[in-house]
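Participant: There's a structure below that I have some questions on.
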Amino acid sequence: MASEPENKETNPLPTPEAGAPSPLVAALQREHPEWIAEVIEAFSETTIVVPREHIVAACSFLKTSPETRFDFLSDICGADRGPEEDPRFEVNYHLFSTTKHHRLRLKVVLSEEDAHVPTVTGVWRTANWHERETFDLFGVIFDGHPDLRRILLPDDWQGHALRKDFPLRGYEPYSLK
Amino acid sequence: MGLENIIAEALPEVLTTQLDSLINWARKSSLWPATFGLACCAIEMMNSTSSRNDLARFGSEVFRASPRQADVMIVSGRVSRKMAPVLRRIYDQMPEPKWVISMGACATSGGVFDNYAIVQGVDKIVPVDVYIPGCPPRPEMLIHAVMMLQEKVMKESVRDRKDVPEEEAREAVPPGTLPVTDGSAALKEALAEPRPYTIASRHERRRSS
């Protein structure tokens, strides 16, 4: 083991050069530049900020296009940047392709007054429960969702528990009503 | 069971501590627990019935999955607010006499989970007879709690249980019969209301008096 061959340059992880967009983003930018509001490259992960009105079209394009083939929606998660921020909420779509083995993150930013997003349950059926969870914990409304109910918290819950301004111990101590 | 109510009504003065001690001995010698394993304390609860600790020495090894067959509910673990109505329903389904052991810091006080999701002590939902500290308690502590509960059972009297309200006794349904359901509008209205979880059990009334 002492004489390790010096072929360290065969690094399996492709590291894109700084500033150069990944081939995924380049293809999307060529086809539909209006879908891309911002591209964030960090830790060899690509995030595209998509305007809200284009999210369904972008998702169905990314799923069906032979170059991208994002056939698996890993997760939808919300994020609250805090009540003093505007836009306050994020909805993140984590995509994965089981055939091409690449990942992409789409991000929609929302203001507190208009926390509505079109649903992507028509693209991936698994989005149903992910969107219910995001609605339950952040209060983001998914327009067109077939069954937008709470999924984790009790049905009679007041408020949305993962918002930054939700008190840690809840609004009132528990009692059997 | 109801038999002791009849005896206590018919023979209020004759009833002696001898009968009490006989009934209490029978009850304490086979305390069948309804498992309510909710978190890591349940592992210790299972272990307390294993060959090393052998809760069967104290007549309490028959963990029942059905609340209808259980005498004591061992709440082992943190109770979330979503589980709280379920726990109360299981407790309501247990026949009298019944007792509750709150096992571990989380079931007793919420423990480290001082947040919106966890009920801060199961005694906000059901009356508790024995609290066990620990995170999680060792099986020996659960066995100790069972023995403490047995001491408590021995101090009870059947006269304490003569506390059935009249209206409750009048509306009691004989075993084996089902309430008549004709699907009327009034019944649907009654069923649409949320289930009242706050009906005090005899266990609770006995404690408050």
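Participant: Does residue A:123 satisfy being part of a loop (DSSP other than H, G, I, E, B) and either in contact with a Lys or Arg (Cβ under 7 Å, 6 or more places away or on another chain) or acidic (Asp, Glu) (or both)? Walk me through how you get there before you give the answer.
Facilitator: Values: part of a loop (DSSP other than H, G, I, E, B): yes; either in contact with a Lys or Arg (Cβ under 7 Å, 6 or more places away or on another chain) or acidic (Asp, Glu) (or both): yes.
Yes; evaluated as a whole, the condition is true for this residue.
Participant: Taking residue B:153 and the conditions (1) in a helix (DSSP H, G or I); (2) within 14 Å of another protein chain (Cβ to nearest Cβ); (3) touching a residue at least 12 places away in the same chain (Cβ under 8 Å), which numbered condition does it fall short on, given that it satisfies the others?
Facilitator: It fails just one condition, (2).
Participant: A follow-up question, please. Return yes when residue A:100 is over 19 Å from the mean Cα position of the chain (by Cα), farther than 30 Å from residue B:112 by Cβ and either within 14 Å of chain B (Cβ to nearest Cβ) or surrounded by 13 or more Cβ atoms within 10 Å (Cβ to Cβ) (or both) and no when it is not. Show your work before the answer.
Facilitator: Details: over 19 Å from the mean Cα position of the chain (by Cα): yes; farther than 30 Å from residue B:112 by Cβ: yes; either within 14 Å of chain B (Cβ to nearest Cβ) or surrounded by 13 or more Cβ atoms within 10 Å (Cβ to Cβ) (or both): yes.
It is true that residue A:100 is over 19 Å from the mean Cα position of the chain (by Cα), farther than 30 Å from residue B:112 by Cβ and either within 14 Å of chain B (Cβ to nearest Cβ) or surrounded by 13 or more Cβ atoms within 10 Å (Cβ to Cβ) (or both).
Here is a yes/no grid of residues against (1) modelled with pLDDT of 85 or more; (2) in contact with an Asp or Glu (Cβ under 7 Å, 6 or more places away or on another chain); (3) within 13 Å of chain A (Cβ to nearest Cβ); (4) more than 29 Å from residue A:173 (Cα to Cα):
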{"residue": "B:64", "(1), (2), (3), (4)": "yes, no, no, yes"}
{"residue": "B:68", "(1), (2), (3), (4)": "yes, no, no, yes"}
{"residue": "B:104", "(1), (2), (3), (4)": "yes, no, no, no"}
{"residue": "B:113", "(1), (2), (3), (4)": "yes, no, yes, no"}
{"residue": "B:127", "(1), (2), (3), (4)": "yes, yes, yes, no"}
{"residue": "B:143", "(1), (2), (3), (4)": "yes, no, no, yes"}
{"residue": "B:160", "(1), (2), (3), (4)": "no, no, no, yes"}
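Participant: Related question: Just a yes or no: is a residue in region A:107-115 farther than 20 Å from residue A:62 by Cβ, small (Gly, Ala, Ser) and touching a residue at least 12 places away in the same chain (Cβ under 8 Å)? Let's see the steps before the verdict.
Facilitator: Step one: filter region A:107-115 for residues farther than 20 Å from residue A:62 by Cβ, giving A:110-115.
Now narrow it down to the ones that are small (Gly, Ala, Ser): A:111, A:115.
Adding the requirement that they be touching a residue at least 12 places away in the same chain (Cβ under 8 Å) leaves A:111, A:115.
Scanning region A:107-115, I find at least one residue that is farther than 20 Å from residue A:62 by Cβ, small (Gly, Ala, Ser) and touching a residue at least 12 places away in the same chain (Cβ under 8 Å), so the answer is yes.
Participant: Continuing with the same structure: Any chance you could count how many residues in region A:85-96 are in a loop (DSSP other than H, G, I, E, B) and either within 17 Å of residue A:162 (Cβ to Cβ) or modelled with pLDDT of 90 or more (or both)?
Facilitator: To start, the set of residues in region A:85-96 that are in a loop (DSSP other than H, G, I, E, B) comprises A:85-88.
In the following step, the residues that additionally are either within 17 Å of residue A:162 (Cβ to Cβ) or modelled with pLDDT of 90 or more (or both) were identified as A:85, A:87-88.
Going through region A:85-96 one residue at a time, the tally reaches 3.
Participant: Then there is this: Can we say residue B:31 is more than 14 Å from every other protein chain (Cβ to nearest Cβ) and buried (at least 18 other Cβ atoms within 10 Å of the Cβ)? Explain how you work it out, then say what you get.
Facilitator: Working: more than 14 Å from every other protein chain (Cβ to nearest Cβ): yes; buried (at least 18 other Cβ atoms within 10 Å of the Cβ): yes.
Yes, satisfied.
Participant: Would you mind finding the one in B:121, B:110, B:59 that is more than 25 Å from residue B:25 (Cβ to Cβ) and more than 16 Å from the chain's Cα centre (by Cα)?
Facilitator: Values: B:121 fails: more than 16 Å from the chain's Cα centre (by Cα); B:59 fails: more than 25 Å from residue B:25 (Cβ to Cβ).
That would be B:110, the only listed residue that is more than 25 Å from residue B:25 (Cβ to Cβ) and more than 16 Å from the chain's Cα centre (by Cα).
Participant: Right, here's the next one. Can you go through A:137, A:153, A:110 and tell me which one is at negative phi, modelled with pLDDT under 90 and either aliphatic (A, V, I, L, M) or buried (at least 20 other Cβ atoms within 10 Å of the Cβ) (or both)? Lay out the reasoning, then the answer.
Facilitator: Values: A:137 fails: modelled with pLDDT under 90; A:110 fails: modelled with pLDDT under 90.
Result of the check over A:137, A:153, A:110: A:153.
Participant: When residues of region A:135-157 are filtered for being of a type in the set (D, E, K, R), within 12 Å of chain B (Cβ to nearest Cβ) and in contact (Cβ under 8 Å) with a residue 24 or more places away in the chain, how many remain? Give the steps one after another, and end with the answer.
Facilitator: Within region A:135-157, the subset of a type in the set (D, E, K, R) is A:136, A:143, A:147, A:149-150, A:155-156.
Now narrow it down to the ones that are within 12 Å of chain B (Cβ to nearest Cβ): A:136, A:150, A:155-156.
Now restrict to residues that are in contact (Cβ under 8 Å) with a residue 24 or more places away in the chain: A:136.
Qualifying residue count, region A:135-157: 1.
Participant: Filter region A:158-170 down to residues that are more than 8 Å from every other protein chain (Cβ to nearest Cβ) and not small (Gly, Ala, Ser) and give me whichever is surrounded by the most Cβ atoms within 10 Å (Cβ to Cβ).
Facilitator: Applying the first criterion (more than 8 Å from every other protein chain (Cβ to nearest Cβ)) to region A:158-170 yields A:158-160, A:162-165.
The next check asks that each one be not small (Gly, Ala, Ser); those that pass are A:158, A:160, A:162-165.
Working: A:158: 11, A:160: 20, A:162: 17, A:163: 17, A:164: 12, A:165: 10.
My answer is A:160.
Participant: On the given criteria, is residue A:105 in contact with a Lys or Arg (Cβ under 7 Å, 6 or more places away or on another chain), at pLDDT 90 or above and outside any loop (DSSP other than H, G, I, E, B)?
Facilitator: On the way: in contact with a Lys or Arg (Cβ under 7 Å, 6 or more places away or on another chain): no; at pLDDT 90 or above: yes; outside any loop (DSSP other than H, G, I, E, B): yes.
So residue A:105 fails the test.
Participant: Just checking: which of the helices (runs of 4 or more DSSP H) contained wholly in region B:1-52 hold 3 or more residues that are at pLDDT 80 or above and more than 19 Å from the chain's Cα centre (by Cα)? Full working, then the answer.
Facilitator: Working: elements: B:3-10, B:17-29, B:41-48.
Where helices (runs of 4 or more DSSP H) fall fully within region B:1-52 and carry at least 3 residues being at pLDDT 80 or above and more than 19 Å from the chain's Cα centre (by Cα), they are B:41-48.
The values are calculated or read from the model by the stated rules, or taken from the named source; none is laboratory data. Given the structure is predicted, the values throughout are model-derived calculations rather than measurements. Quick reminder, even Gly has a Cβ in these numbers, built from the backbone with ideal geometry, and neighbours come from all protein chains shown.
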